[in-house]
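Novice: Submitted below is the structure of interest, expressed as structure tokens.
The values are calculated or read from the model by the stated rules, or taken from the named source; none is laboratory data. These numbers were taken from a predicted model, which means no experiment stands behind them. Glycine also receives a Cβ, built like all others from the backbone with ideal geometry; neighbour counts cover every protein chain displayed. These accessible areas exclude ligands, DNA and RNA; they are computed on the full protein's heavy atoms, side chains included. Shrake-Rupley method; radii C 1.70, N 1.55, O 1.52, S 1.80 Å.
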Amino acid sequence: MPSATNTNMRFKFSILALLLEVILIVLFGIFVECDHSGDYQELYPLFQDVHVMIFVGFGFLMTFLKKYGFSSVGINMLIAAFGLQWGTLMQGFWLMKGEKIRVSINSMINADFSTATALISFGAVLGKTSPVQMMILTILEITIFACNEHLVAEIFEATDVGASMTIHAFGAYFGLAVTLVLYRPGLKNKHENEESTYHSDIFAMIGTLFLWLFWPSFNSAIAHDPIQQSKAMVNTYYSLAACAVVTFALSSLVDQRGKFNMVLIQNATLAGGVAVGTCADLSIRPFGAMCIGGIAGIISVLGFHFLSPLLESKLHIQDTCGVHNLHGLPGILGGIAGIIVTAVNEETRHGIPLTPGMQAAALGSTIGIALAGGALTGGILKLPFLGQASDQNCFDDSVYWEVPEDEKAHGSHSNNYDEHSRFEAAM
């Protein structure tokens, strides 16, 4: 006989998901038309790379929890599939022509980008929220993201081709604000399922590799012309390489036994792609990109090792995936790099000079709006009628998924991997 919790979840989620999809279909019918004038053949490979990052890279990166793999990949797919539709509308409303949103390959890429913000925030609350809560978070976050993106690009006229600020920093600080509001005192001593196993970490490393390989496409996909696109690809390529080497070096250095730590390799190796995003298409040369990537690796490793335990113990910020260290701090570094580069070099976009003041305004407004929007969203997600798993049911697929019986029976015996938690392992 189904439990009351499962029955409530079935009706709440199913009704909400179907209702929202019907609304999306109606809105698309009223407002959306296909624009066939875009360069689909040239941009489709880049779109495909970004698409793989969103659905495979982000999804598998979060499979490190020993009993939460179904949710990590599955809810990631749900958020992305819903979010790209909602993102098409939210971004499109700012660019309407003749009361119609004209979708093209560019808008498809941008719609995927909009979902990345929600997926980053999902990492901060991973294992502690329900599918209903994540649907609500996706609606609210993408709406606020689209407004901030318009502010940065159109009002401040700042550059952020790889979205270090508008996606990575925004998604991280939005998620941190949500998890702060949703703080669970019962999880302060770590839940028994908030652990990895040898095989779950291998799956997470698959996500890392997909993200690492395709990040040059992510940072160059919306560049304005072929020259800027090539700059973004080259700079991201070398930033990631430098970041990976520095991460391996520091991972061994901060470990008392001199061993590599999989937590750091899965996450900090990607920080170079995040940090170089804002100025990836600017005149920084591979040398500058490698410097940014190296610094990003240092910041990310030290963030995992020192800052995350401090934020959790002192500020009650329970950041499950450590998105602050992969997306938040490197995103700020990217914003600062953009300020410095535009102060040193004369850079223009569409004949408009880029100024360090506007870059700084873009960074500050992004973080402020993310924190305020995240706090508001967290307050909404706490409403009792939305429902969420109890503390003892966190980080467990069986609450929302059909799980094979042998996994249920032997799950408690799977923790023979010597990593008690993500952050404790990084210390």
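Novice: Considering only the range 130-147, state which residues are outside any loop (DSSP other than H, G, I, E, B) and either over 16 Å from the mean Cα position of the chain (by Cα) or farther than 14 Å from residue 118 by Cα (or both).
Specialist: Across the range 130-147, the qualifying residues are 131, 132, 133, 136, 147.
Novice: Of 162, 127, which residue is more than 25 Å from residue 316 (Cβ to Cβ), open to solvent by less than 10 Å² (accessible area, probe 1.4 Å) and assigned to a loop (DSSP other than H, G, I, E, B)?
Specialist: Only one candidate qualifies: 162.
Novice: Would you mind stating whether residue 180 is within 16 Å of the chain's Cα centre (by Cα) and on the phi < 0 side of the Ramachandran plot?
Specialist: No, not satisfied.
Novice: Okay, moving on. Criterion first (crowded, with 20+ Cβ neighbours inside 10 Å and either under 13 Å from the mean Cα position of the chain (by Cα) or not hydroxyl-bearing (Ser, Thr, Tyr) (or both)) does residue 114 satisfy it?
Specialist: yes
Novice: Assess whether residue 20 counts as being under 20 Å from residue 107 (Cα atoms) and either at pLDDT below 95 or in a helix (DSSP H, G or I) (or both).
Specialist: no
Novice: Scan the range 369-406 for residues that are open to solvent by less than 40 Å² (accessible area, probe 1.4 Å) and part of a helix (DSSP H, G or I) and jot them down. Quick ask: steps written out before the conclusion?
Specialist: So the first thing to find is which residues in the range 369-406 are open to solvent by less than 40 Å² (accessible area, probe 1.4 Å), and the list is 370, 373-374, 377-379, 381, 386-387, 389, 394-397, 399, 403.
Those that are open to solvent by less than 40 Å² (accessible area, probe 1.4 Å) and part of a helix (DSSP H, G or I): 370, 373, 374, 377, 378, 379, 381, 386, 397, 399.
Novice: Taking the condition of being open to solvent by less than 10 Å² (accessible area, probe 1.4 Å) and within 16 Å of residue 141 (Cβ to Cβ), how many residues in the range 83-111 meet it?
Specialist: Count: 4.
Novice: Another question about this same structure. Select from the range 211-224 the residues that are open to solvent by 60 Å² or more (accessible area, probe 1.4 Å) and not in a helix (DSSP H, G or I) and list them in ascending order.
Specialist: 224
Novice: Are there any pairs with C-beta distances below 6 angstrom linking a residue in the range 130-152 that is under 19 Å from residue 393 (Cβ atoms) to a residue that is open to solvent by 40 Å² or more (accessible area, probe 1.4 Å) and basic (Lys, Arg), with the two at least 6 apart or on different chains, and if so which?
Specialist: So the pair list comes out as 132/12.
Novice: Take residue 41 and tell me if it is free of Cβ contacts under 8 Å to residues at least 12 places away in the same chain and not basic (Lys, Arg).
Specialist: Criteria met by residue 41.
Novice: To continue, here is another question. Restricting to the range 281-302, name every residue that is assigned to a helix (DSSP H, G or I) and surrounded by fewer than 24 Cβ atoms within 10 Å (Cβ to Cβ). Walk me through it before giving the result.
Specialist: Going residue by residue through the range 281-302, those that are assigned to a helix (DSSP H, G or I) are 285-302.
Those that are assigned to a helix (DSSP H, G or I) and surrounded by fewer than 24 Cβ atoms within 10 Å (Cβ to Cβ): 285, 286, 287, 288, 290, 291, 294, 295, 298, 299, 302.
Novice: Residues 237, 173, 183: which one is open to solvent by 10 Å² or more (accessible area, probe 1.4 Å) and part of a loop (DSSP other than H, G, I, E, B)?
Specialist: Unique residue meeting the criteria: 183.
Novice: Do you know which residues across the range 186-210 are outside any loop (DSSP other than H, G, I, E, B) and under 22 Å from the mean Cα position of the chain (by Cα)? Spell out the reasoning first.
Specialist: Let us first name the residues in the range 186-210 that are outside any loop (DSSP other than H, G, I, E, B), namely 186-187, 196, 198-210.
Once the filter is applied, which keeps residues that are outside any loop (DSSP other than H, G, I, E, B) and under 22 Å from the mean Cα position of the chain (by Cα), the range 186-210 yields 196, 200, 201, 202, 203, 204, 205, 206, 207, 208, 209, 210.
Novice: Then there's this: Sort through 197, 208 and tell me the only one that's in contact (Cβ under 8 Å) with a residue 24 or more places away in the chain, open to solvent by 10 Å² or more (accessible area, probe 1.4 Å) and out of contact with any strand residue (DSSP E or B) (no Cβ under 7 Å at 6 or more places or on another chain).
Specialist: On inspection, the qualifying residue turns out to be 197.
Novice: Oh, and also: Being free of Cβ contacts under 8 Å to residues at least 24 places away in the same chain and assigned to a helix (DSSP H, G or I) is the filter; apply it to the range 246-274 and report the residue that is least open to solvent (accessible area, probe 1.4 Å).
Specialist: Filtering the range 246-274 for residues that are free of Cβ contacts under 8 Å to residues at least 24 places away in the same chain and assigned to a helix (DSSP H, G or I), the one least open to solvent (accessible area, probe 1.4 Å) comes out as 252.
Novice: Just checking, how many residues over the range 308-358 are touching a residue at least 12 places away in the same chain (Cβ under 8 Å), open to solvent by less than 50 Å² (accessible area, probe 1.4 Å) and in a helix (DSSP H, G or I)?
Specialist: Going through the range 308-358 one residue at a time, the tally reaches 23.
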